[in-house]
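Comments concern the structure below.
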Amino acid sequence: MANIKSQKKRILTNEKRRVRNLAVRSELKTRVKSARSAIAANSEETTAALVLAQKRLAKAASHGTLHKRTAARRTSRLMKAANKATAAS
């Protein structure tokens with residue numbers, strides 16, 4: 001345990017951030033998974049699921065939970081899969 005007051009505060013704030021980032025990452029996985037399953041099923045909610053996944057990815061990148069290039073790469077791969085599925089049908 002730290003002796004310095006500022007370090008004690010950093011420990012507390014880091015824990016709060018860790019918990020928040022964990023929740024954000026978990027939701028991201030859920031949104032991307034639902035978008036991928038909608039693409040695979042060729043359902044009507046595909047566009048809504050894609051938009052929501054993209055929105056969450058962008059928000060996580062802007063808050064610093066994800067790196068901006070990671071978010072861009074994941075968005076790109078989602079759109080690539082969606083476009084491929086649309087072209088096939």
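Numerical summary
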| quantity | calculated |
| --- | --- |
| Tabulated pairs, the range 5-28, first free of Cβ contacts under 8 Å to residues at least 60 places away in the same chain and part of a helix (DSSP H, G or I), second of a type in the set (Lys, Arg) and surrounded by 11 or more Cβ atoms within 10 Å (Cβ to Cβ), C-beta under 7 angstrom, 6+ apart or interchain | GLU27/ARG56; LEU28/ARG56 |
| Pick from the range 29-51, criterion in contact with a Ser or Thr (Cβ under 8 Å, 6 or more places away or on another chain) and either without any contact (Cβ under 8 Å) to a residue 24 or more places away in the chain or part of a helix (DSSP H, G or I) (or both), ranking: nearest to SER89 (Cα to Cα) | ILE39 |
| Of all residues in the range 1-29 being basic (Lys, Arg) and over 20 Å from the mean Cα position of the chain (by Cα), the one that is nearest to LYS68 (Cα to Cα) | ARG10 |
| Within the range 53-86, tally of residues that are outside any helix (DSSP H, G or I) and open to solvent by less than 30 Å² (accessible area, probe 1.4 Å) | 2 |
| Among (1) at pLDDT below 95; (2) exposed (fewer than 13 other Cβ atoms within 10 Å of the Cβ); (3) closer than 15 Å to MET79 by Cα, the one test that SER43 misses | (3) |
| Residues (free of Cβ contacts under 8 Å to residues at least 24 places away in the same chain and under 22 Å from ARG20 (Cβ atoms)) located in the range 73-86 | THR75 |
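To keep it simple, each residue is scored yes or no on (1) open to solvent by 90 Å² or more (accessible area, probe 1.4 Å); (2) within 18 Å of SER62 (Cβ to Cβ); (3) out of contact with any helix residue (DSSP H, G or I) (no Cβ under 9 Å at 6 or more places or on another chain); (4) of a type in the set (A, V, I, L, M, F, W, C).
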site: ALA2; (1), (2), (3), (4): no, no, no, yes
site: SER6; (1), (2), (3), (4): no, no, yes, no
site: ILE11; (1), (2), (3), (4): no, no, yes, yes
site: GLU15; (1), (2), (3), (4): no, no, yes, no
site: ALA23; (1), (2), (3), (4): no, yes, yes, yes
site: LYS29; (1), (2), (3), (4): yes, no, yes, no
site: ARG36; (1), (2), (3), (4): yes, no, no, no
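The values are calculated or read from the model by the stated rules, or taken from the named source; none is laboratory data. Computed from a predicted model, the values in this text were never measured in an experiment. For neighbour counting, all protein chains shown are included, and Cβ atoms are generated from backbone atoms with ideal geometry for every residue, glycine included. What goes into the accessible areas is simple: the full protein's heavy atoms, side chains included, and nothing from ligands, DNA or RNA. Shrake-Rupley method; radii C 1.70, N 1.55, O 1.52, S 1.80 Å.
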